[in-house]
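In what follows, a structure is listed as structure tokens, so that the remarks can point back to it.
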Amino acid sequence: MQETIEQQPVANYHRHVNYIKIWAILLVLLIVSLIVGMIGYQFFAVWMIFTIAVVKALMVVAYYMHLLWEPKFLWLAVGFAVLCLFFLFLGVVPDILLVKLQLAH
């Protein structure tokens with residue numbers, strides 16, 4: 001006797017994402033961060049580049065890794081990792097600014 005398993009539609013199915021659009025947004029953010037890096041205000045440039053990097057990382061995680069359609073617990077776990085990343089950036093910023101100032105003199 002063979003049992004048949006009925007295929008149930010996945011209730012959590014998400015729509016198809018336009019990956020080219022997401023890639024284009026990531027490319028524009030990369031170009032913006034490069035342009036910001038060329039301006040003379042070092043403190044502003046460093047913070048803007050780090051902010052854009054976090055936004056790009058969240059976009060990659062949300063769309064390319066499909067976290068946008070996962071349970072909220074995973075968002076909390078990723079949010080904690082991003083918070084740790086923020087503190088890492090906060091610790092690195094003084095070193096970046098000091099090296100730039102030393103090279104300028």
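Could you sort 22-30, 47-55 so that the peptide with the highest average Cβ count within 10 Å comes first and the rest follow in order?
Taking the mean over residues of other Cβ atoms within 10 Å, the ranking is 47-55, 22-30.
If R₀ is 35 angstrom, what is the calculated FRET efficiency for the pair Ala77 and Met38, using the beta carbon separation as r and rounding to 0.05?
Taking R0 as 35 Å, the efficiency between Ala77 and Met38 is 0.45.
Extending each Cα 7 Å along its Cβ direction at Tyr64 and Phe86, get the distance between those two points in nm, one decimal.
Taking the simple label geometry, Tyr64 and Phe86 are separated by 2.3 nm.
Starting from 0 in steps of 10 Å, tell me what percent of the Cα-Cα pairs of the range 41-104 lands in each bin.
Using 10 Å bins, I get a P(r) of 19, 41, 24, 13, 3 for the range 41-104.
Suppose R0 equals 41 Å. What FRET efficiency, 1/(1 + (r/R0)^6) with r the Cβ-Cβ distance, do Val55 and Leu98 give to the nearest 0.05?
That pair, Val55 with Leu98, gives E of 0.95.
Taken together, the values in this text are just the output of simple stated rules run on the coordinates, not laboratory data. Keep in mind the model is a prediction, meaning the values are calculated, not measured. Note that each Cβ is placed from the backbone with ideal geometry, even for glycine, and that neighbours are counted across all protein chains shown.
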